[in-house]
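Working notes for the structure below.
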Amino acid sequence: MAEEHYFTADPQAAFKRIPVSANVWGHWLELTSGSGVFAQGRLDIGTGVLLREQAAPEGARSVLDLGCGYGVIGLAIAVAVPECRVTAIDVNERAVLLANENAAALGIDDRFVACRPDEVDPAAVFDEIWSNPPIRIGKEALHELLLTWLPRLAPDGRARLVVGKNLGADSLAGWLTEQGYPTAKVASAKGFRVLESRRAD
């Protein structure tokens, strides 16, 4: 069998749940990750940089966690900003399952829902999009992914992305700007850039 990736829709690896603890914005999150899902058993470095370098989006009322994995970014936002509703999406069915289980365990499943991308309301718009995007799907697929979801930003909305410097963060920022989403580096740590994109209009 060919090597599987975390962006496989239905991983065939035996499903084993693995606990993860993370302190984000002063809130302890006791979460469950799993085999076949990105960053099983840990908070990956890029996501950790994003959550340490950016404050909780206090003014946001609707947030998209793009490529949510087991849900840590969106769950942290929903816990820290009680007025916010979070939609988390992933093509990996195990990731969606785990993210929803984590929301239920945290008691925030009334404000957090994980689903497949095609299950999102086509009319939904978001104040903010947060993502540790799946760079390894390849440039063409990544560009398609971003151009599918960035147009769903509210007119004054913004996206916050964390991308490895050696994985093309600077060139991605330039490309996003060319596509009508002016993008700036707002933080840098441990070999990662935090990028902020806004709508040109």
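A few comments on the model shown:
- Scanning region 70-95 for residues that are open to solvent by less than 10 Å² (accessible area, probe 1.4 Å) and either in a strand (DSSP E or B) or among the small types (Gly, Ala, Ser) (or both), we see that the one that is farthest from residue 127 (Cα to Cα) is 95.
- Scanning region 38-48 for residues that are under 13 Å from the mean Cα position of the chain (by Cα) and either among the β-branched types (Val, Ile, Thr) or in a loop (DSSP other than H, G, I, E, B) (or both) gives 38, 39, 43, 44, 47.
- Enumeration of residues in region 161-194 that are modelled with pLDDT of 95 or more, open to solvent by less than 20 Å² (accessible area, probe 1.4 Å) and among the small types (Gly, Ala, Ser): 173, 187
- Residues of region 42-53 satisfying the condition of being of a type outside the set (Gly, Ala, Ser) and either open to solvent by 20 Å² or more (accessible area, probe 1.4 Å) or more than 15 Å from residue 75 (Cβ to Cβ) (or both): 42, 43, 45, 49, 52, 53
- Tabulated pairs, region 100-121, first at positive phi, second surrounded by fewer than 14 Cβ atoms within 10 Å (Cβ to Cβ) and not basic (Lys, Arg), C-beta under 6 angstrom, 6+ apart or interchain: none
- Enumerated strands (runs of 3 or more DSSP E) restricted to region 96-193, each holding at least 1 residues that are under 25 Å from residue 37 (Cα atoms) and within 14 Å of the chain's Cα centre (by Cα): 112-115, 126-131, 153-164
The values are calculated or read from the model by the stated rules, or taken from the named source; none is laboratory data. Quantities reported herein were computed from a predicted structural model and do not represent experimental measurements. With ideal geometry, Cβ positions are generated from the backbone for all residues, glycine too; neighbour counts draw on all protein chains shown. Calculation scope for accessible area: heavy atoms of the full protein, side chains included, ligands and nucleic acids excluded. Shrake-Rupley method; radii C 1.70, N 1.55, O 1.52, S 1.80 Å.
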